[in-house]
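One structure is given here, and the rest of the page talks about it.
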Amino acid sequence: MPYFAQYTKAVSDALLNMKVTIDTGEEKSADEGLAAWCDITCDIKANNATMFFAGNGASAMMAGHMAADASKNGGFRGLAFNDAALMTAIGNDISYDEVFALPLGRFADPGDVLVTISSSGNSPNIIRAIKKAREIGLTVVTVSGMGADNRSRAMGDLNFYVPAATYGIAEASHQVLLHGWLDRFMEMDGR
């Protein structure tokens, strides 16, 4: 099979083998997971709450992209804490582990939502952000990949785990998942 066909098949296989769980560990189908995420999104829109997105590297760009699309296309408040000045100040002066948790503590309110995007699911700053979100009373949606035993996979109210062998496959799959969620929400919302 030619390389590109193998690559796109790997992305497709990762998505088709995605595991979705809720906070009790109960497994849901991909469609049930997307429906649950859309229900969460309907609630925050109705309550004028905010959906925060957090990720590192390529996942940071996805976080920013989805926060922009949520606000512009989805019609609800979306925000990503990936401003270079904020991240580097917190990373330098406090700890890189706090680059998402500290702003969440300043900006988030109970009833808001945190979406974490992490290829490994083990980034210390993502784990810390989830813990801070729990302290505040946020709903948490995790998007992770790579190892089946990654830490964030079991920390959310709703967890999407893509069994991808490489960062490229994980990131490509996550982008498809994120757009699939928002597109489904917009269809439900009549946008």
Exercise for the section: Might you let me know whether the stretch 81-91 holds any residue that is at pLDDT 95 or above and of a type in the set (D, E, K, R)? Expected result: no
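Matching residues to (1) of a type in the set (V, I, T); (2) surrounded by 13 or more Cβ atoms within 10 Å (Cβ to Cβ); (3) part of a helix (DSSP H, G or I); (4) free of Cβ contacts under 8 Å to residues at least 24 places away in the same chain:
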residue	(1), (2), (3), (4)
F4	no, no, yes, yes
T21	yes, yes, no, no
G33	no, yes, yes, no
W37	no, yes, yes, no
C42	no, yes, yes, no
F53	no, yes, no, no
A68	no, yes, yes, yes
G78	no, yes, no, no
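Restricting attention to the stretch 93-131, which residues are of a type in the set (D, E) and buried (at least 17 other Cβ atoms within 10 Å of the Cβ)?
D97, E98, D112
Being surrounded by fewer than 17 Cβ atoms within 10 Å (Cβ to Cβ) and closer than 30 Å to F107 by Cα: is that true of G57 here? Talk me through it step by step, then tell me what you get.
Values: surrounded by fewer than 17 Cβ atoms within 10 Å (Cβ to Cβ): yes; closer than 30 Å to F107 by Cα: yes.
Yes: the conditions hold for G57.
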Practice task
Could you please let me know if T8 is part of a loop (DSSP other than H, G, I, E, B) and without any contact (Cβ under 8 Å) to a residue 24 or more places away in the chain?
Solution key: no
Practice task
Give the residue, chosen from M188, M155, that is out of contact with any Gly (no Cβ under 8 Å at 6 or more places or on another chain) and either of a type in the set (D, E) or closer than 15 Å to D23 by Cα (or both).
Solution key: M155
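Every residue, every condition in (1) under 13 Å from A54 (Cα atoms); (2) among the aromatic types (F, W, Y); (3) free of Cβ contacts under 8 Å to residues at least 40 places away in the same chain; (4) out of contact with any helix residue (DSSP H, G or I) (no Cβ under 8 Å at 6 or more places or on another chain), yes or no:
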| site | (1), (2), (3), (4) |
| --- | --- |
| A85 | no, no, yes, yes |
| D93 | no, no, yes, yes |
| F100 | yes, yes, no, no |
| D112 | no, no, no, no |
| P124 | yes, no, yes, no |
| S173 | no, no, no, no |
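The values are calculated or read from the model by the stated rules, or taken from the named source; none is laboratory data. Being a predicted model, the structure only gives us computed values, none of them experimental. In this analysis, Cβ positions are derived from the backbone assuming ideal geometry, glycine residues included, and neighbour counts consider all displayed protein chains.
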